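Beneath this line is the structure, given in structure tokens, with notes to follow.
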Amino acid sequence: MVYPYKSPKDETVGEIRARQLAKIKDYIEFAYHNTPYYRDLFDKNNIKPRDISSFDDFRRIPITTKDDLRKQNSGFFGAPEEEWIDMSCTSGTTGESVYIPFTRNDMKRIAVWGAQTLRLSGINETDRIHLAMPMCAWMWMAGFGFYICFSTAGVCVLRFGPGFSGKSLEIIKNLSATAIIGVPSYLVKLGEMRERMQIETSIKRVFTIGENILNKDLTKNALGKKLEELWKTEVFSCYGATEGTFLGVECDRFCGHHINPDEVYVEILDPDTLEPVKDGEEGLVTITPIGARGLTLLRYVNGDMSFIIPGRCPCGRMLQRVGPVFARIDQMMKVKGVMIYPDAIKNIIAGTGKIDLFQMEAYTENFSNLVRIYVPSYADEETDRKSAIDIRERIRLELGVTLEVKSISREILQGMIFPPGKGKPVTFVDKRSKQ
Ligand SMILES: [Zn+2]
């Protein structure tokens, strides 16, 4: 039996933090003695593992960035090759892929802890989940990771993958699936098809990963609301990152992603000073996957911007909760003097309820950053023109900046958004020149 959490509702913050600190200290020792990267880093900064005896000391360890990981990938491998039983790689959305080996213990750790976390949603042995994610394509972790977590939680997994929507709906109906997990934009497509074909299903829970479905106040954003409407049920946001091999899931009170403190320590850092911010304040998500050995990481900044939700969750658990990923630090940009980020634009476009496809392109012209938004063309020019003006106005009113909106053929746009080899739809392309 792997669930639920040990005394989940009775522990105090102090008790959790003390246990966490002890585990972090062991993990630092491990990183120092087993990975070339951290041995060098500690030596260069004159830090000895035994010097770290508090969370304040822990902050003396310099952060690790995606660039560090790309440049010295094997320097982070903490376990000998003969202990690896699986390898995964990141999709390399913003650069080269990073390779992640997993030991048997890493896998067990992900399975058990993922199962515990997913059970917070209320899912259990009586459920069957339709996995609308690729299981092994391109060595991605997500589909396989969820497979081991759900199956360890006792849930029967229907490994269908994304695409072939008609067949997908047939399986969901014939095998009475009670839950589904996938990338939100695909689940919208599938939900619309279900509605058009008037197929009755028994779906009680929808899980999403890869795209944000929450506003900063933790209510559902336009994409999240659309999913609730289409599937007529509760929609749970999951948050994870392959490099950190961690998972956060909303419980049935929908108050942020619960993070297991025995497995991950999350800090939120000010993007300018890299100092920790207070709970509730926004900053860079920084993770330490306590215990991960295949790929050993300390204070890893994955580029996501979010915040920690202070206090106890209404469900009673005193676990760290992380809010929505409302931006990626590498995608933030100043356009005409206004700081904007693609997810905000994405949310506004989704809010129109009319545009189901779009791509944003950031580029530099005469030393200024600009953004162009591509939307699908309708049959006639007049409709296209009105739709473009409507989107431009909504963005201007909400963000205070006017952006170019361009209609192009639906087929071309579809090819731009779903290029081969990408796990998630590409809704943002960065062509800005690097200063
Ligand atoms: Zn909760």
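The values are calculated or read from the model by the stated rules, or taken from the named source; none is laboratory data. Predicted, not measured: the structure shown is a model, and the values here were computed from it. Cβ sites come from the backbone with ideal geometry, for glycine too, and all protein chains shown count toward neighbours.
Inspect all residues belonging to segment 304-313 and state whether any of them is farther than 17 Å from F254 by Cβ and either assigned by TED's automatic domain parsing to the domain that holds D68 or more than 16 Å from the ligand (Cβ to nearest atom) (or both). Checking segment 304-313: at least one residue is farther than 17 Å from F254 by Cβ and either assigned by TED's automatic domain parsing to the domain that holds D68 or more than 16 Å from the ligand (Cβ to nearest atom) (or both). The one condition from (1) within 16 Å of the ligand (Cβ to nearest atom); (2) more than 26 Å from A222 (Cα to Cα) that I290 does not meet is (1). Report yes if some residue within segment 210-228 is within 16 Å of the ligand (Cβ to nearest atom), under 30 Å from R19 (Cα atoms) and in contact (Cβ under 8 Å) with a residue 40 or more places away in the chain; otherwise report no. The answer is yes; a qualifying residue exists. The residues of segment 201-241 that are part of a strand (DSSP E or B) and not hydroxyl-bearing (S, T, Y), listed by number, are R205, V206, F207, L214, K220, E234, V235, F236, C238, G240, A241. Looking across segment 249-287 at every residue that is in a strand (DSSP E or B) and not aliphatic (A, V, I, L, M), the one that is nearest to the ligand (Cβ to nearest atom) is identified as H258.
In this structure, is K216 surrounded by fewer than 17 Cβ atoms within 10 Å (Cβ to Cβ) and out of contact with any helix residue (DSSP H, G or I) (no Cβ under 6 Å at 6 or more places or on another chain)?
Details: surrounded by fewer than 17 Cβ atoms within 10 Å (Cβ to Cβ): yes; out of contact with any helix residue (DSSP H, G or I) (no Cβ under 6 Å at 6 or more places or on another chain): yes.
Spelling it out, K216 is indeed surrounded by fewer than 17 Cβ atoms within 10 Å (Cβ to Cβ) and out of contact with any helix residue (DSSP H, G or I) (no Cβ under 6 Å at 6 or more places or on another chain).
From the residues in segment 169-191 that are more than 24 Å from the chain's Cα centre (by Cα) and in a helix (DSSP H, G or I), which one is surrounded by the most Cβ atoms within 10 Å (Cβ to Cβ)? Only one residue tops the list, namely I172.
Please work out if P324 is crowded, with 22+ Cβ neighbours inside 10 Å and more than 16 Å from the ligand (Cβ to nearest atom). When the stated conditions are applied, P324 does not pass them.
How many residues does segment 329-354 hold that are assigned to a strand (DSSP E or B) and touching a residue at least 40 places away in the same chain (Cβ under 8 Å)? So the count comes out to 4.
State which residue is surrounded by the fewest Cβ atoms within 10 Å (Cβ to Cβ) when the search covers only segment 353-394 and only residues that are of a type in the set (V, I, T) and within 25 Å of E229 (Cα to Cα). Of everything passing the filter in segment 353-394, I355 is surrounded by the fewest Cβ atoms within 10 Å (Cβ to Cβ). When segment 136-153 is filtered for residues that are in contact with a strand residue (DSSP E or B) (Cβ under 6 Å, 6 or more places away or on another chain) and among the hydroxyl-bearing types (S, T, Y), the ones remaining, listed by number, are Y147, S151.
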